[in-house]
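Computed from the coordinates by the stated procedures, all read-outs in this text should not be read as laboratory data. Please read all numbers here as calculations on a predicted model, not as lab measurements. Please note: Cβ atoms are built from the backbone with ideal geometry, for glycine as well, and neighbour counts cover all protein chains shown.
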Amino acid sequence: MKKVFIDAGHGGNDPGASGHDLKEKDITLAIARQTKNYLDKMFSGVDVKVSRTKDRSVTLKERTNAANAWGADVLVSIHVNAGGGRGFESYMYNGAFKGKEKTREIQKVLHEAILEETGFVNRGMKEQNFHMVRASQMPAVLTENGFIDRKEDAVLLKSAAFLNKIAKGHAVGIANVLRLPKKQGIVSQVMYRVVTGSFENYTYAKELVRLLAKKDMEAFIDPHTSRGKTYYRVVTGSFQELANAKKRVSTLESYGFDSFIVNV
Ligand SMILES: [Zn+2]
């Protein structure tokens, strides 16, 4: 059984960074929870612990003590950036330590999985003297997932669908690092997604969701990033069967909404 320790940065009386009505501590908690969910649901041979499951204060020392005492195989500390910039970066300890090359390999696998899943702008793999990566006795990586005080990133961080992508990137990366076997019988639940419009302007996407709601069509916004550019897809249905997705497209057309199907 492999042991994974997920640290949700900040919490309680330490909100972390803030901006655009967002607090870092809430985002890190949502991502940490979802990462555990993905690992538990999709992979076997893994035991996942999180540093906090609610909004509470935990000192840095308490976090690394918990991971060390438990004997985790890998630790990932989840954070959100601030202070000028855009996109994703990851950190390992900058000092000399045993197993540094192995940790660098782990950082690389994790870094690439998160970029692939999110389409974040790549700010690179870095080293720093952070407590979480220094005081952990197992390979440890700290991730900085977008900039809370930058409008383009804040819009992404406000979307639950996008936080799920960040979490999935972490889970897939960790699974690759630990070579976790996929659970038997797990197939991607959703194969076809109906999209009614894709916009560069978030306001337009929100307006379309409002218009669809008037017709009792439930929709959500799924930010899709490619080469650093964000498109706001309005998703009006997710299906396992292509025939059902096509049916939804016809229904939408009858209301005057042109739609298309994407594979996921
Ligand atoms: Zn932080």
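Charged side chains reduced to their Cβ positions (Lys and Arg at +1, Asp and Glu at -1) give the chain a dipole of some 500 debye around its Cα centre.
Phi-derived couplings, Karplus 6.51 cos²θ - 1.76 cosθ + 1.60 at θ = phi - 60°, listed residue by residue for segment 84-97: x, x, 7, x, 10, 9, 10, 10, 10, 5, 8, x, 7, 7 Hz, with x used for Gly and Pro. Under 5 Å between amide hydrogens, built in the peptide plane, is the criterion, and for Ala219 it picks out nothing among residues at least 5 positions away or on other chains.
Full extension of the chain between Glu105 and Lys229 yields a length gain of 41.8 nm, computed as 0.36 nm times the residue separation minus the alpha carbon distance.
Multiplying the residue separation of Ser254 and Thr203 by 0.36 nm and subtracting their alpha-carbon distance yields 15.9 nm.
Measure nothing fancy, just the Cα-based angle from helix 160-178's long axis to the longest principal axis of the chain, in degrees from 0 to 90, nearest 10. For 160-178 against the chain, the angle is about 50 degrees. Treating each Cα of segment 192-263 as one equal point scatterer and applying the Debye formula with no solvent, the log10 of I(q)/I(0) at q = 0.14, 0.18 Å⁻¹ comes out as -0.39, -0.64. For segment 101-134 versus segment 154-204, the spacing of their alpha-carbon centroids is 18 Å.
The angle between the Cα long axis of helix 242-254 and the main principal axis of the chain comes to about 50°, on a 0 to 90 degree scale. Sparsely packed loop sites in segment 1-84 (the trypsin sites (Lys or Arg not before Pro) outside DSSP H, G, I, E and B with at most 16 other Cβ atoms within 10 Å) comprise Lys54, Arg56. Per-residue ellipticity at 222 nm computed for the chain from its helices equals -12500 deg cm²/dmol, with DSSP H segments shorter than 4 residues left out and the rest contributing -39,500 (n - 2.57). Cross-link pairs exceeding 31 Å between alpha carbons, from the set Lys126/Lys151; Lys108/Lys246; Lys23/Lys215; Lys23/Lys98: Lys108/Lys246; Lys23/Lys215; Lys23/Lys98.
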